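Heads up: the structure comes next, in structure tokens.
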Amino acid sequence: MLLDAQDLFRFYHIGDTEIRALKGVSLDVDVGEIVALTGPSGSGKSTLLSCLCGLDEPDGGTVDIGGRRMTRRPEAEKAVIRASTLGILAQRDNLFPHLTVAENIAFALCHRSGDDGMDVEAVLRSVALAERANAYPATLSGGEIARAGLAVALALDAPLIVADEPTAEVDEATERMILAILVDRSRKGKGALIATHSRAVAAIATRTLHLRDGHLVEGPFVETLDEAERLFERTAHPVLRNDREALIEARGLGRNYDLGALSVHAVENADIAVRQGDRIAVTGPSGSGKSTLLKMLAGIVRPSSGLLSWFGTHTATELRPGRIGVVFQEPSLIPSLTVRENVALPLQLAARSSQGRAHMTADEALALLSLADLADKLPDELSGGQMQRVAFARALVTNPEIILADEPTGQLDQPTGRAVMKAVLDALGENETALLLTTHDERLAATMATQLRMDHGRLAEAA
């Protein structure tokens, strides 16, 4: 048995309130198994994985990894068990930002027991990142970061991989690559436990477990919030006028990155206009330049070539967050501030400028996305999905003219993501705020009036 967990309990205390994240959870993973762990955002999947890996201590129950007790052991002993038995892939922060991709893998290899297994180049090839070996994490796309994190987990060649949403922010081709690697490992007798919202991941699993309200049951892959799904599918495209003035306009936009002797053309000769009331989706594989394009439109990244204007001017001064709201792949919440304080922060920044429209309050923005009960919590008390919804509320609070969202539902299960986007689209429909989002979710993209696609840095209308 690779993993055996019995009767796990985990409680959190916030003031006088007790949150019971795990309520007597038991599970096991045997040699050659791929076990999918599903459940809605906030159901406790990440908490469970942390307890299993010895990164968090359960309040009750036991965890054995490879026949060795993980629970209630000194951290030094836990680290030895992890290094010899586990490859861990978290939702985020799998890479050291000051090390290149190759150096991150080499660091992991230093902790591998034994001399057998793949070297750095072989690990890079296994995840199709050989050409990005010398790149730093900050220069990688969301999909490349996911693959690099997987490479670090694979480098240990551990008997068991524990992965938290490994395909949440990747395109279908990258997802297929990751799944093929996991299947190949299982055929060699290695196991995997994967927390996921993906039906494709569940399809390759030996078993599927479902976590809800702290309880775990075994059964087929399920999707919840059916009513929210139907509401989302009925979302109507806004009626757009052809004579609307462009809020953001780009002509021949390009962005290059110089990596030593290599020049990477992230975006090439892109033309795009965002007008009042627009609903635009940009799809494309990981690394195609979607995030770079969005950051240039937001005035965060400076173009290498082309013309870019905002509201008739060529300067992005004081446009964020009053007139342009941005939602990133990562929620980027300030950990020392409560949810309400995080959402209120843009109001303080926008108050320095007289531009923009009348703002809502932080509590109004939270209520818009059904987050009122989380207002006094800190970010580390939230699930990944909850944090992303807070990030959306933070973008909405200034009532901006444009919202630019980079994979806004990447961390959410599909029904929850669509319910969130339904609420967002309803709110935007009232004031004709434009929305441009990048996404790998084709069904989400199909709800947008305009669909564009990026491939190797080039932008075109979707087929």
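Read-outs throughout are calculated quantities, based only on the coordinates presented, and are distinct from any laboratory measurement. Computed from a predicted model, the values in this text were never measured in an experiment. Quick reminder, even Gly has a Cβ in these numbers, built from the backbone with ideal geometry, and neighbours come from all protein chains shown.
What length, rounded to one decimal in nm, is gained on full extension from His98 through to Arg207, with 0.36 nm per residue of separation minus their alpha-carbon distance?
Taking His98 through Arg207 to full extension adds about 35.4 nm, to one decimal.
Considering the options Leu48, Leu3, Gly277, tell which one lies farthest towards the positive end of the dipole of the chain, charges being +1 on Lys and Arg and -1 on Asp and Glu at the Cβ, about the Cα centre.
The Cα lying farthest towards the positive end belongs to Gly277.
To check you understand DSSP bridge types, tell me what percent of the beta bridges within the chain (both residues inside) are antiparallel, rounded to 5.
55 percent
How large is the dipole of the chain about the Cα centre if only Lys and Arg carry +1 and Asp and Glu carry -1, each at its Cβ, rounded to the nearest 20 debye?
Charge dipole, the chain, about its Cα centre: 520 debye, nearest 20.
Kindly work out what percent of the DSSP beta bridges joining two residues of region 230-461 are antiparallel, to the nearest 5. Present the calculation step by step, with values, prior to reporting the outcome.
On the way: 20 of 37 bridges.
The antiparallel fraction comes to roughly 55 percent.
Trypsin sites (Lys or Arg not before Pro) within region 1-84: which are DSSP loop residues with at most 13 other Cβ atoms inside 10 Å?
Sparse-neighbourhood loop trypsin sites (Lys or Arg not before Pro): Arg72.
Tell me, what is the percent relative contact order of the chain, built from C-alpha pairs under 8 Å that lie six or more residues apart?
For the chain, the relative contact order is 17 percent.
Would you calculate the volume per residue, in Å³, of the smallest convex hull containing every Cα atom of region 230-461? Kindly include the intermediate steps, with their values, before the conclusion.
Numbers: hull volume 30.2 nm³, N = 232.
Given the Cα convex hull of region 230-461, per-residue volume reads 130 Å³.
Among the helices of the chain (complete DSSP H runs), which have Cα atoms covering no less than 27 Å along the helix axis and a Kyte-Doolittle mean of at least 1.0?
Working: long enough: none.
Qualifying helices: none.
Could you please state, rounded to a whole Å, how far the C-alpha centre of region 96-175 is from the C-alpha centre of region 273-291?
27 Å
Can you grab the distance from the C-alpha centre of region 397-442 to the C-alpha centre of region 25-42, Å, no decimals?
The distance from the Cα centre of region 397-442 to that of region 25-42 comes to 30 Å.
Can you figure out the FRET efficiency of Gln348 with Asp376, using R₀ = 30 Å and their beta-carbon distance, to the nearest 0.05?
0.95
Could you compute how fast region 3-222 diffuses translationally, taking Rh as the Kirkwood radius over C-alpha pairs and applying Stokes-Einstein at 20 °C with viscosity 1.002 mPa s? Give it in µm² per second.
Using the Kirkwood radius from Cα pairs, D works out to 121 µm²/s.
Where does the Debye-calculated log10 I(q)/I(0) of the chain sit at q = 0.09, 0.10, 0.11, 0.13 Å⁻¹, using only Cα point scatterers of equal weight, no solvent?
Log10 I(q)/I(0), no solvent term: -0.62, -0.76, -0.92, -1.25.
Step through the table entries Lys290/Lys422; Lys190/Lys377; Lys190/Lys290; Lys45/Lys188, compare each Cα-Cα distance with 32 Å, and write down the pairs that go over it.
Going by Cα-Cα distance, Lys190/Lys377; Lys190/Lys290 fall outside the 32 Å limit.
Express the relative contact order of region 230-461 as a whole percentage, based on alpha carbon pairs under 8 Å and six or more residues apart in sequence.
Relative contact order comes out at 30 percent.
What do you get for Rg/Rh of region 142-218 when both radii come from the Cα atoms and Rh is the Kirkwood radius? Please report the intermediate quantities before stating the final value.
Details: Rg = 12.5 Å, Rh = 13.1 Å.
Using only Cα positions, Rg/Rh for region 142-218 is 0.96.
Based on the Cα atoms of region 391-463, what semi-axes does the equivalent ellipsoid have, where each is the square root of 5 times one gyration tensor eigenvalue, given in whole Å with the largest first?
Equivalent ellipsoid of region 391-463: 21, 15, 12 Å, largest first.
Could you run the Debye sum over the Cα atoms of region 68-183, one equal point scatterer each and no solvent, and tell me log10 of I(q)/I(0) at q = 0.16 Å⁻¹, two decimals?
-0.71
With 10 angstrom as the radius, rank Ile178, Ile194 by how many other C-beta atoms surround their C-beta, starting from the fewest.
So the ranking, lowest neighbour count to highest, is Ile178, Ile194.
Between Arg176 and Glu77, how many nm apart are label points set 7 Å from Cα along the C-beta direction?
4.7 nm
Could you calculate the FRET efficiency of Leu259 with Asp363 from 1/(1 + (r/R0)^6), where r is the beta carbon distance between them and R0 is 30 Å, rounded to 0.05?
Taking R0 as 30 Å, the efficiency between Leu259 and Asp363 is 0.10.
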